[in-house]
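> Following this message is one structure expressed as structure tokens.
The values are calculated or read from the model by the stated rules, or taken from the named source; none is laboratory data. Only a predicted model underlies this, so the values are computations on that prediction, with no experimental measurement involved. Cβ atoms come from the backbone with ideal geometry, glycine included; neighbour counts cover every protein chain shown.
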Amino acid sequence: MEQQIKYSVIVVCLNAGRRLCDTVKSILEQSYRNFEVVVKDGGSSDGSVEALSSVYQDSRIHVHRQKDNGIYDAMNQAVKLAAGDYFLFLNAGDSFYDTQVLERITVEINKRKADIYYGNLYHKALDTIIYAAPQINDFTCYRNVPCHQTCFYHRTLFDERGYLPDYTVRADYEHFLWCYYIKKARIVYVPEVVASYEGGGYSETAQNKKRSARQHREIVVHYMGRRKADYYRLVMLLTLAPLRSAAAGSPRLSGMYNGVKTALYKLKKIKPKNNRDMEGFR
């Protein structure tokens, strides 16, 4: 018997302008209707929350206005207010890729049980689809995990603890590794584009990129140990990771780079399945 899944789509914002309405619009247009929109506003003064309330009178939209200590504290506040079975975090300015996303994810959830379902991302600024690795293992966790805009988390993964706000840029990354290594979460790749990412996010400023590198190092050493973290760092250097990152972030080269990456994933002939069954790759 198919499960009737309820989703909590969480949108945190602060002076988001028109982007807040655009994000909520993409959620309300979903063909699958059993969801709520939890808007967590940190104290906007630009009229964006008032505009949202005037444009959309929908009982599934729940707006909560409260001061917070940054994006991850805001997400934690929102989680405590959410009533869905699965949580998805969309930043103001992001959107669902199309109107069928929740419907397709629901089909996958009813096919196979897991704690996290994740898919691919469309990067608006680069005009390219960024394909996620179809399996999660040590190297994937070191290199890059799926971004939170493409991850559907079962609510139980936030019952014990939420994001650690001390990781000001990498708290979502740390939480994913906690789910994988500590909670032994069952994680399934869904070969669908989930979200459209606006680009130019909080973590992409020059200052925060430096913070991100420091926090990444601390997190991987904590979960993998220094020896394994050093090994993967060497692998990344030898495989020209900085050059590949530059290509992925280039408007001219990103499409070609992601096309090659996707072709390599397909050559491996990895079927999307519970990644805990693929420990041989670790």
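> If the requirement is being of a type in the set (V, I, T) and under 19 Å from S31 (Cα atoms), which of these qualifies: T156, T106, T128, T140? Give the derivation first.
Values: T156 fails: under 19 Å from S31 (Cα atoms); T128 fails: under 19 Å from S31 (Cα atoms); T140 fails: under 19 Å from S31 (Cα atoms).
Matching residue, one of T156, T106, T128, T140: T106.
> Please count how many residues of the stretch 212-227 are charged (D, E, K, R) and modelled with pLDDT under 95.
Total satisfying the criteria: 0.
> Let me spell it out: the conditions are (1) surrounded by 14 or more Cβ atoms within 10 Å (Cβ to Cβ); (2) among the aliphatic types (A, V, I, L, M); (3) more than 30 Å from Q100 (Cβ to Cβ); (4) touching a residue at least 12 places away in the same chain (Cβ under 8 Å), and V235 meets all of them except one. Which number is the exception?
V235 satisfies all of (1) surrounded by 14 or more Cβ atoms within 10 Å (Cβ to Cβ); (2) among the aliphatic types (A, V, I, L, M); (3) more than 30 Å from Q100 (Cβ to Cβ); (4) touching a residue at least 12 places away in the same chain (Cβ under 8 Å) except (1).
> Please enumerate the residues belonging to the stretch 142-156 that are buried (at least 21 other Cβ atoms within 10 Å of the Cβ) and among the β-branched types (V, I, T).
Selection gives V145, T150.
> Among the residues of the stretch 69-106, count how many are more than 20 Å from R33 (Cα to Cα) and of a type in the set (D, E).
1
> Quick check: is even one residue across the stretch 52-72 acidic (D, E), crowded, with 19+ Cβ neighbours inside 10 Å and in contact with a strand residue (DSSP E or B) (Cβ under 9 Å, 6 or more places away or on another chain)?
Yes, the stretch 52-72 contains at least one residue that is acidic (D, E), crowded, with 19+ Cβ neighbours inside 10 Å and in contact with a strand residue (DSSP E or B) (Cβ under 9 Å, 6 or more places away or on another chain).
> Still on this structure: Working only within the stretch 142-193, note down all residues that are farther than 19 Å from L88 by Cβ and hydroxyl-bearing (S, T, Y).
Matches in the stretch 142-193: Y142, Y167, T168, Y181.
> If we scan the stretch 107-116, do we find a residue that is in a helix (DSSP H, G or I), touching a residue at least 24 places away in the same chain (Cβ under 8 Å) and closer than 22 Å to N76 by Cβ?
no
> What pairs can you find where one residue is in the stretch 29-56 and free of Cβ contacts under 8 Å to residues at least 12 places away in the same chain, the other is surrounded by fewer than 19 Cβ atoms within 10 Å (Cβ to Cβ) and not in a helix (DSSP H, G or I), and their Cβ atoms are less than 7 Å apart, with a gap of 6+ or different chains?
S53/V63
> On to the next question. Can you pull out the residues in the stretch 77-121 that are of a type in the set (F, W, Y) and over 16 Å from D22 (Cα atoms)?
Y86, F87, Y117, Y118
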